[in-house]
Amino acid sequence: MGKQYNIMIMGASYGSLLASKLMFGGHNLTLICLPAEADLINSEGFRVRMPVKGRKDPVEIDSRKLPGKVRAAGPGDVKPSDFDLVGLAMQEPQYRSPGVRELLDAVAKSRVPCMSIMNMPPLPYVKRIPGLDTNALKAAYTDPTVWDNFDPSKLTLCSPDPQAIRPPEEKVNVLQVTLPTNFKVARFDSDADTQILRDLEADIDAVRFDTPEGKLELPVKLRVYDSIFVPLAKWSMLLAGNYRCITRDGMRTAQEAVHSNLEESRSVYNFVFDLCVKLGASANDLVPFEKYAAAAQSLTRPASAARALNNGAPNIERADKLVQLIAKQKGLSNPAIDAGVALVDARLEMNRKKAAAA
């Protein structure tokens, strides 16, 4: 076991997946969450259930049995300067919530290295991509001002490729992994900050889980890359899959969104893939459509953006709009993406009107 880090993750739902991996390495985690979640995690820890190839039943990781320690807290109960690394694992609209907004701003001012595992890349990360007018991209964010005090060099992006859900019949401290792929993170500008990521990558690689049949290597690794474009591989997946779960009158599963019209899915996916290459990505940084389409066969639930819209959310993460606006700056557009963005705009407008009338 190498150096022990103190790590704060804002968001206990998806954040507990990464937390469980880091706690194997003996690191100390603080999860920022709602009071009821915090009480439950502090009294009972959390559980992560994970499928393992070649094994019938998933493995259950119990945080109380791991070498690292976890505590859960509210946004007002922590000081960012006490941590070596901060993870952002909430949905983008949540960062303007009272308390969360102030903590995010304190993180920015503390200059502690910060790693986002959001689908929506924080605006300061987008500033690390050369040749973009980031002012013109602010319309894609619920409240772009929450990112004002970040130094882009202190913020990196980790592609949240692993898929996980909170089973509705379970307590809120249980997370079920549905697609056990890897987290792919871009380096920070500084070698010292990047070394933290490399240490965590090595610790996660070394994890072996005790089972009755022997020690088991677990999926879901952390992979550190020198290219800032590697986490953008998620954009093609979001636009071809996640946002196309949204329909005019409801939602469909990601599997249906991708496979019910495979040619349209391929066209959207490859448009975004080519856009990332135009921004500076190498084709090797990204994931080919065939590999994604195969993985999408197992995505038998609607994406979180579709579920939130269906539940009446007035704001959701708008990676669809961000990609559309970036493409526009490069003189490009795709009719299926434009139609999808217009559909989400219309459904959000309807939700806001309903909320205002309630």
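The values are calculated or read from the model by the stated rules, or taken from the named source; none is laboratory data. What you see is a predicted model, and the numbers here were worked out from it, not measured in a lab. FYI the Cβ positions are ideal-geometry reconstructions off the backbone, even for glycines, and counts take in every protein chain you see. Please note that ligands, DNA and RNA were not included when accessible areas were found on the heavy atoms of the full protein model with its side chains. Shrake-Rupley method; radii C 1.70, N 1.55, O 1.52, S 1.80 Å.
State yes or no: is residue 64 touching a helix residue (DSSP H, G or I) at 6+ places or on another chain (Cβ under 9 Å), in a helix (DSSP H, G or I), more than 18 Å from residue 88 (Cβ to Cβ) and not β-branched (Val, Ile, Thr)? Please lay out each step first, then the result.
Numbers: touching a helix residue (DSSP H, G or I) at 6+ places or on another chain (Cβ under 9 Å): yes; in a helix (DSSP H, G or I): yes; more than 18 Å from residue 88 (Cβ to Cβ): yes; not β-branched (Val, Ile, Thr): yes.
For residue 64, the condition - touching a helix residue (DSSP H, G or I) at 6+ places or on another chain (Cβ under 9 Å), in a helix (DSSP H, G or I), more than 18 Å from residue 88 (Cβ to Cβ) and not β-branched (Val, Ile, Thr) - is met.
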Item checked: Criterion (open to solvent by less than 40 Å² (accessible area, probe 1.4 Å) and touching a Cys at 6+ places or on another chain (Cβ under 6 Å)) met by exactly one of 319, 257, 308, 281 -> 257
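Which count do you get for residues in the stretch 181-202 that are touching a strand residue (DSSP E or B) at 6+ places or on another chain (Cβ under 6 Å) and in a loop (DSSP other than H, G, I, E, B)? Walk me through how you get there before you give the answer.
Initially, the stretch 181-202 is screened for residues touching a strand residue (DSSP E or B) at 6+ places or on another chain (Cβ under 6 Å), giving 182-186, 188, 196-198, 200-201.
With in a loop (DSSP other than H, G, I, E, B) added as a condition, the list becomes 182, 188.
The total comes to 2.
Go through the residues of the stretch 208-219 one by one and say whether even a single one is open to solvent by less than 70 Å² (accessible area, probe 1.4 Å) and either in contact with a helix residue (DSSP H, G or I) (Cβ under 7 Å, 6 or more places away or on another chain) or acidic (Asp, Glu) (or both).
no
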Item checked: Residue count for the stretch 23-34, restricted to those that are surrounded by fewer than 24 Cβ atoms within 10 Å (Cβ to Cβ) and closer than 22 Å to residue 178 by Cβ -> 1
